[in-house]
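Working notes for the structure below.
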Amino acid sequence: MTAPYSEAHALALDAADPLRGFRDRFLIPRHGDGDQLYFCGNSLGLQPKATRAALLEELDAWAEHAVEAHFRGRHPWMPYHGFVREHLAELVGAQPGEVVAMNSLTVNLHLMMVSFYRPTRERPAILIEAGAFPSDRHAVESQIRFHGFDPATDLIELEGDEPDGTLSMAAIERVLAEHGHRIALVLWPGVQYRTGQAFDLREVVRLGHARGCIVGFDLAHGVGNLPLALHDSGADFAVWCSYKYLNAGPGAVAGCFVHARHADSRRPRFAGWWGHDQATRFRMGPEFVPTPGADGWQLSNPPILALAPLRVSLEIFHDAGMARLREKSEQLTGYLEMLIRERLDRVLHIVTPSEPERRGCQLSLRVAGGRERGRALFEYLMANGIVGDWREPDVIRISPTPLYNRHIDVLRFVRAVESWRDAR
Ligand SMILES: *Cc1c(COP(=O)(O)O)cnc(C)c1O
């Protein structure tokens, strides 16, 4: 038995982890007498213990103050979305005025495209990665049709050029060299949901801008997973959801970034009263004057009961610090990778790039032997309280998250796969 493979080793790593206390801030689902091994933060993050009280606080404010709760109580509703602003900006590396919590991811993506996808006959196209998340693909395709263009020619989907379907920077550079002149918008993932590949945002922006394209990001799998520097990346816009690594609950209020250079944008937008200049919003005049910055894209007054969990979640990220989380994340995922390579070589093939700078916490694992064998393993894991998720046709995604996962969880996962293999 090699040292890294012993429980003692994993437990020692956990004991030395400066972030180990954060696990206690979460409700870990149970399995039998113990905790689940929950590796599914890429899909739905766990519930922080403080969330319930934050929700009850708003229910109480509503009960006690009713309409006055907009101005009274610990967290008045009128400025409520502002309570998450600083932490959100910190998390994604933006100026406070560049971010806003609103709507859901796909809605925000459409709102951003209304302003930032302005196709012309010469430049009608959108570039995305092949195999993009269906919602993103539906969104861009419908936008192309909405403007009277044809996705058959104007939606460019870049196929992976590396053996496991991941993408080299050279491939992005090539497609932009060839088609950049007719690409209006590059919409790129921060972390690709299927392969777990992370991209150098600044480089994608540089390549896109060099060809005159607008560059926006979908950070559904990037936010709360990787340290981000959105402002410095130069991205025109970015959108993300908050129920994955951000642990803000099912369907949580999503996020949106608009670069400061567009703060006073005169681009067309779909407007609503909450995007109107705050100073004059309640004069209720007919003319729309946008609030400068990302706030100007808001439509409606925010759902307070859905924002409360986000406020709680962002406080946890602030306390932990994204740089420290990333350091632990690299360790945890590196440990998982090492154990898989050493012990499960014939069972699991790692699709996700092995360079730490080209991935977040997730490893996408292709199960040798095809779909049926993969499903059998996945179901065995679930039956044993080990929760990852399944992506057709043969991939299990396992995402050890630094806020609540431990080295011992990773080790137990690897041992469970070994038991399954050995029993067959
Ligand atoms: C999770 C995810 C979505 C989900 O969209 P919602 O609008 O939040 O339902 C969309 N795109 C990507 C890339 C995702 O990972």
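The values are calculated or read from the model by the stated rules, or taken from the named source; none is laboratory data. Quick caveat: nothing in here was measured; it's all calculated off a predicted structure. Every residue, glycine as well, gets a Cβ built from its backbone with ideal geometry; the counts of neighbours run over all protein chains shown. Side chains included, ligands, DNA and RNA excluded: accessible areas come from the protein's heavy atoms. Shrake-Rupley method; radii C 1.70, N 1.55, O 1.52, S 1.80 Å.
Applying the criterion of being part of a loop (DSSP other than H, G, I, E, B) and open to solvent by 100 Å² or more (accessible area, probe 1.4 Å) to the residues of the range 266-283, the residue that is modelled with the lowest pLDDT is ARG266.
Could you tell me which of the residues LEU207, LEU230, LEU246 is touching a strand residue (DSSP E or B) at 6+ places or on another chain (Cβ under 7 Å) and of a type in the set (A, V, I, L, M)?
On the way: LEU207 fails: touching a strand residue (DSSP E or B) at 6+ places or on another chain (Cβ under 7 Å); LEU246 fails: touching a strand residue (DSSP E or B) at 6+ places or on another chain (Cβ under 7 Å).
Exactly one residue qualifies, and that residue is LEU230.
Selection of first residues in the range 398-424 that are basic (Lys, Arg) and of second residues that are part of a strand (DSSP E or B), restricted to Cβ pairs under 6 Å at least 6 apart or on distinct chains, gives the following pairs, ordered by first then second residue: ARG412/LEU37. Cβ-Cβ contacts under 7 Å between residues 6 or more apart (or on different chains), taken from a first residue in the range 276-291 that is without any contact (Cβ under 8 Å) to a residue 12 or more places away in the chain to a second residue that is among the aromatic types (Phe, Trp, Tyr) and open to solvent by 70 Å² or more (accessible area, probe 1.4 Å), are listed as ARG281/TRP273.
If you scan the range 138-166, which residues turn out to be open to solvent by less than 10 Å² (accessible area, probe 1.4 Å) and within 15 Å of the ligand (Cβ to nearest atom)? Listed by number, the residues that qualify are ALA139, VAL140.
Only one of PRO286, PRO303 is away from the ligand (no atom under 16 Å from the Cβ), open to solvent by 20 Å² or more (accessible area, probe 1.4 Å) and either touching a Ser or Thr at 6+ places or on another chain (Cβ under 8 Å) or at negative phi (or both); which? Let's see the steps before the verdict.
Working: PRO303 fails: away from the ligand (no atom under 16 Å from the Cβ).
Being away from the ligand (no atom under 16 Å from the Cβ), open to solvent by 20 Å² or more (accessible area, probe 1.4 Å) and either touching a Ser or Thr at 6+ places or on another chain (Cβ under 8 Å) or at negative phi (or both) holds for just one of PRO286, PRO303, which is PRO286.
Quick check on this structure: which one of ALA254, ALA294, ALA263, ALA308 is open to solvent by 20 Å² or more (accessible area, probe 1.4 Å) and small (Gly, Ala, Ser)?
Working: ALA254 fails: open to solvent by 20 Å² or more (accessible area, probe 1.4 Å); ALA294 fails: open to solvent by 20 Å² or more (accessible area, probe 1.4 Å); ALA308 fails: open to solvent by 20 Å² or more (accessible area, probe 1.4 Å).
Of ALA254, ALA294, ALA263, ALA308, the one residue that is open to solvent by 20 Å² or more (accessible area, probe 1.4 Å) and small (Gly, Ala, Ser) is ALA263.
Per the conditions (1) out of contact with any Phe, Trp or Tyr (no Cβ under 7 Å at 6 or more places or on another chain); (2) away from the ligand (no atom under 15 Å from the Cβ), the sole criterion not satisfied by VAL114 is (1).
Against the condition surrounded by 19 or more Cβ atoms within 10 Å (Cβ to Cβ), within 19 Å of MET322 (Cα to Cα) and within 16 Å of the ligand (Cβ to nearest atom), how does PHE237 come out, does it pass? Break it down into steps so the answer makes sense when it comes.
On the way: surrounded by 19 or more Cβ atoms within 10 Å (Cβ to Cβ): yes; within 19 Å of MET322 (Cα to Cα): no; within 16 Å of the ligand (Cβ to nearest atom): yes.
Answer is no for this residue.
You will find that of LEU109, LEU127, LEU105, the residue that is within 16 Å of the ligand (Cβ to nearest atom), closer than 20 Å to ALA210 by Cα and in contact (Cβ under 8 Å) with a residue 24 or more places away in the chain is LEU127 and no other.
Only residues that are outside any strand (DSSP E or B), among the aromatic types (Phe, Trp, Tyr) and open to solvent by less than 30 Å² (accessible area, probe 1.4 Å): list them for the range 361-415, please. Explain how you work it out, then say what you get.
In the first step, residues of the range 361-415 are kept if they are outside any strand (DSSP E or B); the result is 361-362, 368-385, 388, 392-394, 400-415.
Checking which are among the aromatic types (Phe, Trp, Tyr) leaves us with 378, 380, 404, 413.
Listed by number, the residues that qualify are PHE378, TYR404, PHE413.
Out of the residues in the range 242-251 meeting the condition of being under 11 Å from the mean Cα position of the chain (by Cα) and either surrounded by 24 or more Cβ atoms within 10 Å (Cβ to Cβ) or not in a loop (DSSP other than H, G, I, E, B) (or both), tell me which one is farthest from the ligand (Cβ to nearest atom). Break it down stepwise before answering.
First, pick out the residues of the range 242-251 that are under 11 Å from the mean Cα position of the chain (by Cα): 242-247.
Of the ones still in play, those that are also either surrounded by 24 or more Cβ atoms within 10 Å (Cβ to Cβ) or not in a loop (DSSP other than H, G, I, E, B) (or both) are 242, 244-247.
Working: SER242: 9, LYS244: 6, TYR245: 11, LEU246: 11, ASN247: 14 Å.
Selected residue: ASN247.
In the range 194-225, how many are assigned to a loop (DSSP other than H, G, I, E, B), within 14 Å of the ligand (Cβ to nearest atom) and not charged (D, E, K, R)? Final tally of qualifying residues: 10.
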